[in-house]
1. For region 6-25, state whether one or more residues are surrounded by fewer than 14 Cβ atoms within 10 Å (Cβ to Cβ) and free of Cβ contacts under 8 Å to residues at least 60 places away in the same chain.
2. Would you check which residues across region 191-213 are surrounded by fewer than 15 Cβ atoms within 10 Å (Cβ to Cβ) and not hydroxyl-bearing (Ser, Thr, Tyr) and list them?
3. From the set of residues in region 83-105 that are over 22 Å from the mean Cα position of the chain (by Cα) and surrounded by 14 or more Cβ atoms within 10 Å (Cβ to Cβ), which is nearest to Glu318 (Cα to Cα)?
4. Consider Val303 carefully, then state whether it is touching an Asp or Glu at 6+ places or on another chain (Cβ under 6 Å), buried (at least 19 other Cβ atoms within 10 Å of the Cβ) and farther than 22 Å from Gly21 by Cα.
5. Among the residues of region 272-315, how many are under 14 Å from Val252 (Cβ atoms), hydrophobic (A, V, I, L, M, F, W, C) and assigned to a helix (DSSP H, G or I)?
6. Condition first: touching a Pro at 6+ places or on another chain (Cβ under 8 Å), modelled with pLDDT of 95 or more and either assigned to a strand (DSSP E or B) or not aliphatic (A, V, I, L, M) (or both). Can you find one or more residues in region 16-24 that meet it?
7. Considering each residue of region 53-80, count those that are surrounded by 16 or more Cβ atoms within 10 Å (Cβ to Cβ) and under 22 Å from Leu223 (Cβ atoms), and give that number.
8. I'm told Val80 meets every condition in (1) part of a loop (DSSP other than H, G, I, E, B); (2) within 24 Å of the chain's Cα centre (by Cα) except one. Can you identify the failing condition by its number?
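The values are calculated or read from the model by the stated rules, or taken from the named source; none is laboratory data. The model shown is predicted, which means the values in this text are computed figures rather than measured ones. Heads up, the Cβs are rebuilt from the backbone with ideal geometry, glycines too, and the neighbour counts pull from every protein chain shown.
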Amino acid sequence: MPSTELNISELERKFINNFQGNFPLQKRPFLAAAKQLNCSEDILIRTVKTLKNNKILSRFGPLYDAAELGGGLTLAAMSVPEERYKIITELVNAYPEVAHNYQREHKLNMWFVLATETPVEIIKILSSIEKTTGLPVYNFPKQQEFYIGLWLHLSDDGNITTVPVPHKADNKSDHEYHLDDTDRKIISVTQSGLSIEQEPYKKVANNIGISQDEVLQRLKQLLSCGIIRRIGAVPNHYKLGLTANGMTVWDVGDSKVSELGNIIGQLDFVSHSYQRPRHLPIWRYNMFAMVHGSNKDEVNEKVKQIENLLGKNCKAHETLFSTAILKKTGLRLAA
């Protein structure tokens, strides 16, 4: 698929391809990365700053798993009358717990991700949103996670493809890790991203009053136990040409959803795949799979592949395309 008409340099392309994860946990990480990319440290730092300033990267740093942090996380939806859409958007987005919010083509036309410090707060915030807006809010918590990860590959001929990202269980350590106050300070400082400079981890250390070595050690532990999914660049897939964002939803038998979800989760064009609850009669679907493409036709072709794989196991399905990004701040943990 064509990536974009943006003028991406060879070094920018190589950095994006190689460091959407695996960014070095070293005192001079850009120096180590530059050696892999056959350039100087200064040139790489300038390159990454340009990618960030041009919004080709939406963020740069650790990606945290809210569930592993012990917080609450859910997907919620509302059916908002067109004449009230703007004011309802403002009311919903005013909640700091709302991380992402999208307008989608469906009777349920507003979908947002809610992240809270503790799981019990999810219901409180959803109830508050219902009271504030005067509209029902449908809660779609994750019941099973089949796959999550979007790693883009930019080819030198201008095409963009997705490549599999290892499931977090594949590299997760067996021991349970308990966060302490220092860990929480590190998370609070880094969850919005790392600074793009020679010693970004030293800046984190100075910010919270510990040594750089301790910051590196703790980040390695958080990565090992799955609290950090990966550390690196997060490309803005809209900027790169993946402008069609289809949330595909499927009605499959509850006894088969685990088996089928894991099959769908292995498709290289599926970035997120979950089991979520039905809400009859308004919502019959229990399996979600996010599919990205450069246009709706491309997404629909991929949806056809899923349909063929599911065969008679699928009773019905829909694709909800996003028509507007209403909010996208990322998940945040209070200090």
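1. Taking region 6-25 as the starting set, the residues that turn out to be surrounded by fewer than 14 Cβ atoms within 10 Å (Cβ to Cβ) are 6-7, 9-10, 22.
Cutting the leftovers down to free of Cβ contacts under 8 Å to residues at least 60 places away in the same chain gives us 7, 9.
Yes, some residue in region 6-25 is surrounded by fewer than 14 Cβ atoms within 10 Å (Cβ to Cβ) and free of Cβ contacts under 8 Å to residues at least 60 places away in the same chain.
2. Step one: of region 191-213, the residues surrounded by fewer than 15 Cβ atoms within 10 Å (Cβ to Cβ) are 192, 197, 206, 209, 211, 213.
Glu197, Asn206, Gly209, Asp213, listed by residue number.
3. Applying the first criterion (over 22 Å from the mean Cα position of the chain (by Cα)) to region 83-105 yields 83-88, 90-91.
In the following step, the residues that additionally are surrounded by 14 or more Cβ atoms within 10 Å (Cβ to Cβ) were identified as 85, 88, 91.
Details: Tyr85: 23, Ile88: 25, Leu91: 28 Å.
Top of the filtered list is Tyr85.
4. Details: touching an Asp or Glu at 6+ places or on another chain (Cβ under 6 Å): no; buried (at least 19 other Cβ atoms within 10 Å of the Cβ): yes; farther than 22 Å from Gly21 by Cα: yes.
Spelling it out, it is not the case that Val303 is touching an Asp or Glu at 6+ places or on another chain (Cβ under 6 Å), buried (at least 19 other Cβ atoms within 10 Å of the Cβ) and farther than 22 Å from Gly21 by Cα.
5. The total comes to 3.
6. Checked against the condition, which is being touching a Pro at 6+ places or on another chain (Cβ under 8 Å), modelled with pLDDT of 95 or more and either assigned to a strand (DSSP E or B) or not aliphatic (A, V, I, L, M) (or both), region 16-24 yields at least one hit.
7. Step one: of region 53-80, the residues surrounded by 16 or more Cβ atoms within 10 Å (Cβ to Cβ) are 56-66, 68-69, 71-78, 80.
Still in the running and under 22 Å from Leu223 (Cβ atoms): 57-66, 68-69, 71, 73.
Count: 14.
8. Just one mismatch for Val80, condition (2).
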